[in-house]
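Everything on this sheet refers to the single structure shown next.
Computed from the coordinates by the stated procedures, all read-outs in this text should not be read as laboratory data. The structure presented is a predicted model; accordingly, all values stated were derived computationally and were not measured. Here the Cβ is made from the backbone with ideal geometry for all residues, glycine too, and neighbour counts use every protein chain on show.
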Amino acid sequence: MNAVLIAQNTFREAIRDRVLAGMVVAGFVLLAFTQIAGPLAMGEGVRLTVDLGLSSITFLGLLVVLLVGTSLVAKEIERRTIFNLLSRPVPRSVYLLGKWAGLSASLWFVAGALGAALWAMLALLGHPGYAAAILEAVYLQGLELTLVTALAVLFSAISTPVLSALYTAGLFLAGQWCDDLREFALKAPGSLRTLLQVVADVLPNLPLFNMRTLAASGEVTSPAHLGLATAYALLYCGCVLALGAAALESRDFR
């Protein structure tokens, strides 16, 4: 059994999970709510729809990661199915990679479905020209959720589901503020500046994946931004998964 088969099984389990279905339904409800709140936006109904629609993708995707991703390994241990997998010639790093890829694929599915629903709503409102902006914004959000999933998988390999959820949520919030931390570091003295800069560099640079403001105006980002975000997400996920694989190798399940 290789990483692809593990990813396929994880994807099927995630798609069948009622949590994922509930998040998709909640996303559609939030999109419908934007039309109720539209008259209160004082002529900015389209911007409100796009902003809230894209924000709901990130928020609901994060909930899926916290509810499902942080218990991936723990659930396998509880069901004792991990022993059947690891008794075969399957490296633990391959197992972890497959889990991450399968859950990431399910999150891309959710992001794509909600993004398509958002564009369809805008098209019905007479604004089909937002397609490119929404496509790019959803793509960047998919990269962001993929990165957060890697963090959840790392913590699930070394801790309990509750602590894994807390660690993942904490890093997600800290990553949203890493640009502010860098600005604060520039004003800090001596060794504190170096420490803050190192912390800011280690934290996930999540603002890199945020183009909600551009998308709300119907604008697209540059190819260089998309390429940089893709390379950063792949590199960061690779480092995090390598740490997770090393932790899982040293973990005793008995």
Response to the item:
Going from the fewest other Cβ atoms within 10 Å to the most, one would list Ile15, Ile158, Ile57, Ile6 as Ile15, Ile158, Ile6, Ile57
Worksheet entry | Ranking of Lys187, Lys99, Lys75 by count of other Cβ atoms within 10 Å, fewest first | Lys187, Lys75, Lys99
Worksheet item: Ala229: net charge of surrounding residues, Cβ under 13 Å, Lys/Arg +1, Asp/Glu -1, itself excluded?
Response: -2
Response to the item:
By Cβ neighbour count within 10 Å, fewest first, Glu183, Glu13 rank Glu183, Glu13
Worksheet item: Which value at 222 nm does the chain reach when only helices count, each DSSP H run of 4 or more adding -39,500 (n - 2.57), with the total divided by all residues and rounded to the nearest 500 deg cm²/dmol?
Response: -26500 deg cm²/dmol
Discussion item. I need the helices of the chain that pass two filters: whole DSSP H segments spanning 15 Å or more by Cα along the axis, and mean Kyte-Doolittle score no lower than -1.0.
Written reply: 3-16, 18-37, 45-67, 92-124, 131-156, 161-176, 190-202, 223-249
Practice prompt. Any chance you could run the full-extension gain for Ser222 through Arg12? It's 0.36 nm times the residue separation minus the Cα-Cα distance, nm to one decimal.
Written response: 72.1 nm
Worksheet entry | Pairwise FRET efficiency - Asp179 versus Ala123, Cβ, R0 = 51 Å, nearest 0.05 | 0.90
